[in-house]
Amino acid sequence: MVTYMKNTHDKIAELKDIVEAYDNIVFFGGAGVSTESGIPDFRSVDGLYHQQYDYPPETILSHTFYRRDPDEFFRFYRNKMLFLNAKPNASHLKLAQLEARGKLRAVVTQNIDGLHQAAGSKTVLELHGSVLRNYCEKCGRFYDVHFIQNTSGVPKCEDCGGSVKPDVVLYEEGLNQKTINDAVRFIHKAQVLIIGGTSLAVYPAAGLIDYFQGDKLVVVNKAPTPRDSHADLLIQAPIGEVFAQL
């Protein structure tokens, strides 16, 4: 245990040196960034995949299921996907600080909770959308998350009666092309890419890191990832604990 702690401490010190030495850093993050804010990880032991429901989450959160049984979709969505009391943690706050210092150019996130923006980050590329945005599928009117939370069944537009859909990317749906292009551009130009809080199991999002050609690839994650062997610096520890020491 002493050796592990010393090793982790040294690695965090190395990451701090990297952060201080570069001013074109991009962060690529996943669910592990938000678990420390109380938002469950789909694939963790305590995550949504291990909770009992009428259908598996990956089925309910699919485009097909949304069209076939929207009432059940929204019942699950309101119960399991909205965590409006969650607050940014040390990771979110540190990333916002690094951006304000001119160190961090962009946050590329797979999360849909809006916590990066709540922490103060300005350039946030949300690959899978956001629960905070919702729109009428018929007329396009925008609705905030509280509208969804305070309705029952399938939320209907107050103007035209159309169904109001969360602006999140469901299974079977494609990612927003502009968001992908922007993410590729930032990652390709980055000197340092920090991958944090993600198993790199969800594609096509995880494939975006292939565009990185910079100096330092850093991986911060509690569990192993497919890119560990490619990392210039690998820190297997909770990301919040790591970022709190930067």
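The values are calculated or read from the model by the stated rules, or taken from the named source; none is laboratory data. None of the values given here were measured: they were computed from a predicted structure. All Cβ positions, even for glycine, are placed from backbone atoms using ideal geometry, and neighbour counts span all protein chains on display. Side chains included, ligands, DNA and RNA excluded: accessible areas come from the protein's heavy atoms. Shrake-Rupley method; radii C 1.70, N 1.55, O 1.52, S 1.80 Å.
Overview of results
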item: Calculated over region 199-246: convex hull of Cα atoms, volume per residue (Å³); result: 85 Å³
item: Cα-based Rg and Dmax for region 151-214, where Dmax is the largest Cα-Cα distance (Å); result: 17.0, 50
item: Cα principal axis extents for region 105-167, largest first, Å; result: 41, 20, 16
item: Local electrostatic count at residue 62 - Lys and Arg +1, Asp and Glu -1, tallied over other residues with Cβ under 11 Å; result: -2
item: Percent carbon-and-sulfur accessible area, region 187-226, ignoring ligands, DNA and RNA, probe 1.4 Å; result: 52 percent
item: Of all DSSP beta bridges in the chain, antiparallel share, percent nearest 5; result: 30 percent
item: Cα-centred dipole magnitude for region 113-246, charges only on beta-carbon of K, R (+1) and D, E (-1), debye, nearest 20; result: 180 debye
item: Mean ellipticity per residue at 222 nm, deg cm²/dmol - from DSSP H runs of n ≥ 4 across the chain, formula -39500 (n - 2.57); result: -9500 deg cm²/dmol
item: Square roots of five times the Cα gyration tensor eigenvalues for the chain, Å; result: 34, 19, 16
item: Selection from 139, 225, 192, by position along the positive dipole direction of region 131-226 (Cβ); result: 192
item: Cβ crowding within 10 Å averaged over residues, with 136-142, 17-23 ranked highest first; result: 17-23, 136-142
item: For region 56-199, convex hull of alpha carbons as volume per residue, Å³; result: 126 Å³
item: Charge dipole (debye, nearest 20) of the chain; +1 at Cβ of Lys and Arg, -1 at Cβ of Asp and Glu; result: 340 debye
item: Cα-only radius of gyration and Dmax that characterise region 52-139, units Å; result: 15.9, 48
item: Dipole of the chain [Lys/Arg +1, Asp/Glu -1 at C-beta], most positive-end residue of 35, 130, 56; result: 130
item: Calculated log₁₀ intensity ratio I(q)/I(0) where the Debye formula runs over C-alpha points of region 178-219, q = 0.25 Å⁻¹; result: -0.90
item: Relative packing of peptides 216-222, 56-62, 81-87, 191-197 - highest average C-beta neighbours within 10 Å first; result: 191-197, 216-222, 56-62, 81-87
item: Accessible surface, the chain, averaged per residue in Å² (probe 1.4 Å); result: 49 Å²
item: Per-q log10 I(q)/I(0), region 54-96, q = 0.17, 0.29, 0.33, 0.34 Å⁻¹ (Debye; single scatterer per alpha-carbon; no solvent); result: -0.57, -0.96, -1.15, -1.19
item: Karplus (6.51, -1.76, 1.60) ³J(HN,Hα), θ = phi - 60°, over region 135-149, in Hz, Gly and Pro reported as x; result: 8, 6, 6, 9, 10, x, 4, 8, 9, 7, 5, 5, 4, 5, 4
